[in-house]
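Colleague: Quick one: this structure, given as structure tokens, is what I'll be asking you about.
The values are calculated or read from the model by the stated rules, or taken from the named source; none is laboratory data. Computed from a predicted structure; not experimentally measured. Ideal geometry is used to build each Cβ from the backbone, glycine not excepted, and the neighbour counts take in all protein chains shown. Side chains are part of the model used for accessible areas, which takes the heavy atoms of the whole protein and leaves out ligands, DNA and RNA. Shrake-Rupley method; radii C 1.70, N 1.55, O 1.52, S 1.80 Å.
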Amino acid sequence: MQVAGKTAIVTGGGNGIGAAIATALAGAGARLVVADLDAEAAQSVTAAINAEHPRAAVHQGGDVADAEVIASLIELAETQFGSVDMYFANAGIAGPVGFEELTEADWDGVIDVNLRAHIRAATQLVPRWTVGSGGYFVSTASAAGLLTQIGSAGYSVTKHAAVGFAEWLSVTYGDRGVKVSCLCPMGVDTQLLSAGFDADDRLGRTAARAVTTAGDVLTPQRVAEVVLEAIADEKFLILPHPQVLEMYQHKGSDYDRWLSGMRRYQASLLAADNAD
Ligand SMILES: NC(=O)c1ccc[n+]([C@@H]2O[C@H](COP(=O)([O-])OP(=O)(O)OC[C@H]3O[C@@H](n4cnc5c(N)ncnc54)[C@H](O)[C@@H]3O)[C@@H](O)[C@H]2O)c1
């Protein structure tokens, strides 16, 4: 898809990967609604975009897991720019690490942002796009949605579910005007990676180390470049770290071998943490 002249809503657009995607989209001629829980961050990304591309972006604060907030973002895009052509379901949280100590509220929190936000957005957009001129849904999942996230049940489960939902959307609506891509990076240099996995907690440190040891930590700008290339080619799976494909193929070709390798990897990370 050509993004020039299209209107995109980018959730979690105030920081990190979302801010870089919004900025890159504006550079390619798109108009933006930048949405974030942190309204000030969204406002400052919008101001930077508008300084380069006058009136290309507006912002809105709010929780993008809330169906009413999603409805108001769509309305803002339509009133401001006349349409909503692309939706980047990018906002995400690391959520609490571990498993045994998680409460129902912990699970709800991470499921709401990392999964239900995508479902609620698509629920509102798909009926518009299948009868109108179509649209593009870009889900930010994670390599953890294809492989796993050592140390964090909530992140692993919700990112797998986000991949599953994006896949299902593509199968079901791909021939009816709804294009879908799914972004699955490993480490990206953002607040989520540096602070999301709590460094005071051994499991949190191990979760972060699992990501940073597995491959290069990319800049959000590099990830945004790869995203725009994939959208131009309308590619479903977006892998800014190409080695993720090899890992995924390895998992698919011998699941048990992959699982025992992951257990060994986890043990080595925990041993390294003990040694620190
Ligand atoms: N950083 C990484 O290493 C990495 C790797 C793989 C996938 N991801 C995914 O990329 C996406 C973006 O993460 P990031 O690394 O840029 O993190 P980030 O913390 O830098 O940015 C995330 C933004 O989302 C916003 N946000 C969180 N919950 C929200 C909500 N309910 N409503 C509205 N906004 C909300 C935050 O305020 C923040 O501005 C996430 O889905 C994350 O899981 C990140």
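Colleague: Could you check the range 84-99 and list, in sequence order, the residues that are within 25 Å of SER170 (Cα to Cα) and within 15 Å of the ligand (Cβ to nearest atom)?
Modeller: Matches in the range 84-99: TYR87, PHE88, ALA89, ASN90, ALA91, GLY92, ILE93.
Colleague: Go through (1) modelled with pLDDT of 95 or more; (2) under 30 Å from ILE150 (Cβ atoms); (3) charged (D, E, K, R) and name the single condition GLU78 misses.
Modeller: Tallying (1) modelled with pLDDT of 95 or more; (2) under 30 Å from ILE150 (Cβ atoms); (3) charged (D, E, K, R), GLU78 fails exactly one: (2).
Colleague: Quick one: is ARG257 without any contact (Cβ under 8 Å) to a residue 40 or more places away in the chain, open to solvent by 70 Å² or more (accessible area, probe 1.4 Å) and under 30 Å from ALA26 (Cβ atoms)?
Modeller: Spelling it out, it is not the case that ARG257 is without any contact (Cβ under 8 Å) to a residue 40 or more places away in the chain, open to solvent by 70 Å² or more (accessible area, probe 1.4 Å) and under 30 Å from ALA26 (Cβ atoms).
Colleague: Of all residues in the range 237-254 being outside any helix (DSSP H, G or I) and buried (at least 17 other Cβ atoms within 10 Å of the Cβ), which is farthest from the chain's Cα centre (by Cα)?
Modeller: Residue satisfying both the conditions and the ranking: HIS241.
Colleague: Okay, next question. Mind checking which residues of the range 205-229 are open to solvent by less than 80 Å² (accessible area, probe 1.4 Å), farther than 14 Å from GLN266 by Cβ and in a helix (DSSP H, G or I)?
Modeller: THR212, PRO220, VAL223, ALA224, VAL226, VAL227, LEU228
Colleague: What's the number of the condition PRO96 fails, among (1) touching a residue at least 24 places away in the same chain (Cβ under 8 Å); (2) outside any loop (DSSP other than H, G, I, E, B)?
Modeller: Unmet condition: (2).
Colleague: Is there a residue in the range 100-114 that is within 16 Å of the ligand (Cβ to nearest atom) and over 20 Å from the mean Cα position of the chain (by Cα)?
Modeller: Within the range 100-114, one or more residues are within 16 Å of the ligand (Cβ to nearest atom) and over 20 Å from the mean Cα position of the chain (by Cα).
Colleague: Quick check, is ALA232 of a type in the set (Gly, Ala, Ser), in a helix (DSSP H, G or I) and surrounded by fewer than 22 Cβ atoms within 10 Å (Cβ to Cβ)?
Modeller: yes
Colleague: Also: Looking for whichever is closer than 27 Å to GLU167 by Cβ, open to solvent by less than 70 Å² (accessible area, probe 1.4 Å) and small (Gly, Ala, Ser) here; the options are GLY98, GLY109. Which one fits?
Modeller: After applying the criteria, what remains is GLY109.
Colleague: Scan the range 119-139 and give yes if some residue there is touching a Ser or Thr at 6+ places or on another chain (Cβ under 9 Å), open to solvent by less than 50 Å² (accessible area, probe 1.4 Å), within 12 Å of the ligand (Cβ to nearest atom) and part of a strand (DSSP E or B), otherwise no.
Modeller: yes
Colleague: Right, something else. Hey, can you tell me all the residues within the range 29-56 that are of a type in the set (Gly, Ala, Ser), within 23 Å of ALA230 (Cα to Cα) and over 20 Å from the mean Cα position of the chain (by Cα)?
Modeller: GLY29, ALA56
Colleague: I would also like to ask the following. For the range 116-125, indicate whether the set of residues that are over 25 Å from SER83 (Cα atoms), polar (S, T, N, Q) and at pLDDT 95 or above is non-empty.
Modeller: No - not one qualifying residue is present in the range 116-125.
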